[in-house]
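Before any comments, here is the structure.
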Amino acid sequence: MLWKTADYTGWGRALQATGDLARPERQSALTSLAGEGPAFGMRRSYGDAALNSGGKAIDMSRLDRILGFDPATGILEAEAGARIGEIAAAFAPRGWLPPVMPGTGFATIGGCIAQDVHGKNHHHAGSFCQHVAEIELVQGGKRRKITPEKNKSLFRATSGGLGQTGVIASAKLRMMPCKSDMILVTERRVEDWDEHIAALDASTATYTVGWIDATATGAKLGRGILEEGETGKGLVKKRGKARKVPFDAPGFALSAPVVRAFNALYYARVPASGRTVVKPITDFFFPLDKIHDWNRLYGKRGFHQFQCVVPLASAPALKEMLALIATSGRASPLAVLKRMGEGRAGRLSFPMEGYTLAVDFPNRPAAAPMIARLNDMAADAGGRVYFAKDSLCDARLIPGMYPELADWQAEVAKADPEGKLATDLVRRLKLREPRA
């Protein structure tokens, strides 16, 4: 297997790396490569979780095969590079869905495990790895199958463990029955923060997500659109075509006046009385995937995302964060609010019962100090940031955000004692360094 030196980035494009990459096409080749460096999938983490500057990394995107499916149990076995969206598209017409899906269908099975991702149904279904029956790891050229029952400590370190316990080669996932590949979506306006929180708390829908107008201030702070979805039989709708961003957008494309105007139009697209529409499941779960390379809308400098979760009792603190964002004039149109349940599978898994807010910021000089302040506010509120989205958090905040860090470190030290699987994010946040 030849290593090729390349420049590469995460999805946010603000952080970059140069290193040697290998792209195996067979599991036999992966076995010989594992231990040389960390692995990554489609690099849909926004920051530096998939980067290894100056070192080697394994591109898993060609190891994307479905290895088996048992309709009697709903167990799907797939290689780590298999895309979650392709699995959903292939199996939903047969009555099955991945039980947890992140906001992009380009996320891989391995990436979903490494970040223990959550979806629009976290308040019901928990996190991704709670539905994983088995993981096959490659550790130093040897293969090992782990389960939540037989290898509980290692499984918990691997779930949301950023690929630090070994290269994820494949996994078995417990699929969820569904009624069709279409979804019935109810959309309604919410006028302010208090109404938005109340609506999320009251929702009984299987899938729930809130879009926030992160430019609205004053009495309109927190206004947005609540979407609730249910899969159902007999739903038919014409499918739209995917579009592509052909070039990096100029800087003014996401200027404050443009974003405010866009958000006002987006808010108004839903009638005051609300509406119900039928969509393909992929349009609901992965709305931005229809715009290929949408990250280019932020220009060559890319963007950062701030995403945190805070406990239920800290909702007022999250409102303060949103107020700071709204008055800054720096937010993009992409802002999401969700209610989360208790479910999490790993020691470094992001979810906690509470509310999560995610906001994109174009990579401009003022973005870093703004996000630094938001990270401090999240920590003070008893919350944490999401490693899949982070590119700017300070290492000093991590032990308070992730109280099981030391237990995770102990398991990682046994699995990768030489630190060959460390990534730029792991080094930046000093995740593998003992804390006083």
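Just a few scattered comments:
- Assuming charge only on the beta carbon of Lys and Arg (+1) and of Asp and Glu (-1), the dipole of the chain about its Cα centre is about 920 debye to the nearest 20.
- Other residues within the sphere of radius under 15 Å centred on the Cβ of residue 52, judged by their own Cβ, net out at 0 (K and R +1, D and E -1).
- Cα-based helix-to-principal-axis angle, 256-268 vs the chain, degrees rounded to 10: 80 degrees
- Dipole magnitude for the range 90-190: about 180 debye, using +1 per Lys or Arg Cβ and -1 per Asp or Glu Cβ, origin at the Cα centre.
- Degrees, to the nearest 10: 193-202 long Cα axis against longest axis of the chain: 60 degrees
- With each label modelled as a point 7 angstrom along the Cα→C-beta vector, the residue 244-residue 75 pair spans 4.1 nm.
- DSSP beta bridge pairing in the chain, given as percent antiparallel to the nearest 5: 90 percent
- Nearest-0.05 FRET efficiency for residue 153 and residue 188, computed from C-beta distance (R0 45 Å): 0.50
- Answer label for volume of the Cα convex hull per residue in Å³ (calculated), chosen among (i) 136; (ii) 179; (iii) 148: (i)
- Counting only protein heavy atoms and a probe of 1.4 Å, the accessible surface of the range 331-436 is 52% carbon and sulfur.
- Note on residue 262 and residue 364: the model spin-label points, each 7 Å out from Cα along the C-beta direction, lie 1.3 nm apart.
- The range 35-91: C-alpha gyration tensor shape, a/c 1.5 cut-off, then a/b vs b/c: prolate
- Taking a Cβ cut-off of under 10 Å around residue 148, the surrounding Lys, Arg, Asp and Glu residues balance to a net charge of +1, with basic ones at +1 and acidic ones at -1.
- Relative contact order, whole percent, for the range 269-395 stands at 33, derived from Cα pairs under 8 Å and 6 or more residues apart.
- Those aspartates and glutamates that a straight Cα-Cα span of less than 17 Å connects to residue 244, excepting residues fewer than 8 apart in one chain: 283, 289, 293
- GluC sites (Glu not before Pro) restricted to the range 1-96 and DSSP loop, no more than 16 other C-beta within 10 Å: 25
- Within the chain, helix-based [θ] at 222 nm, where runs of 4 or more DSSP H residues each add -39,500 (n - 2.57), nearest 500: -7000 deg cm²/dmol
- Restricting the GluC sites (Glu not before Pro) of the range 102-184 to loop positions (DSSP other than H, G, I, E, B) with no more than 16 neighbouring Cβ atoms within 10 Å leaves 149.
- For the range 387-414, backbone nitrogen atoms closer than 15 Å to the point 7 Å from residue 372 Cα along Cα-to-C-beta are found at 391-397.
- Tilt relative to the chain, helix 405-415 - C-alpha long axis, 0 to 90 degrees, to 10: 30 degrees
- Taken over the range 107-234, lysine pairs spaced eight or more positions apart, or on distinct chains, with alpha carbons under 20 Å apart number 8.
- Taking label positions 7 Å along the Cα-Cβ direction at both residue 25 and residue 430, the computed distance is 4.5 nm, reported to one decimal.
- Accessible area per residue, Å², the range 44-159 with all protein chains present, probe 1.4 Å: 34 Å²
The values are calculated or read from the model by the stated rules, or taken from the named source; none is laboratory data. Remember, predicted model here, so these are calculated numbers, not experimental data. As a convention, Cβ positions derive from the backbone with ideal geometry for all residues, glycine included, and neighbour counts pool all protein chains shown. Only protein heavy atoms, including side chains, enter the accessible area calculation; ligands, DNA and RNA are left aside. Shrake-Rupley method; radii C 1.70, N 1.55, O 1.52, S 1.80 Å.
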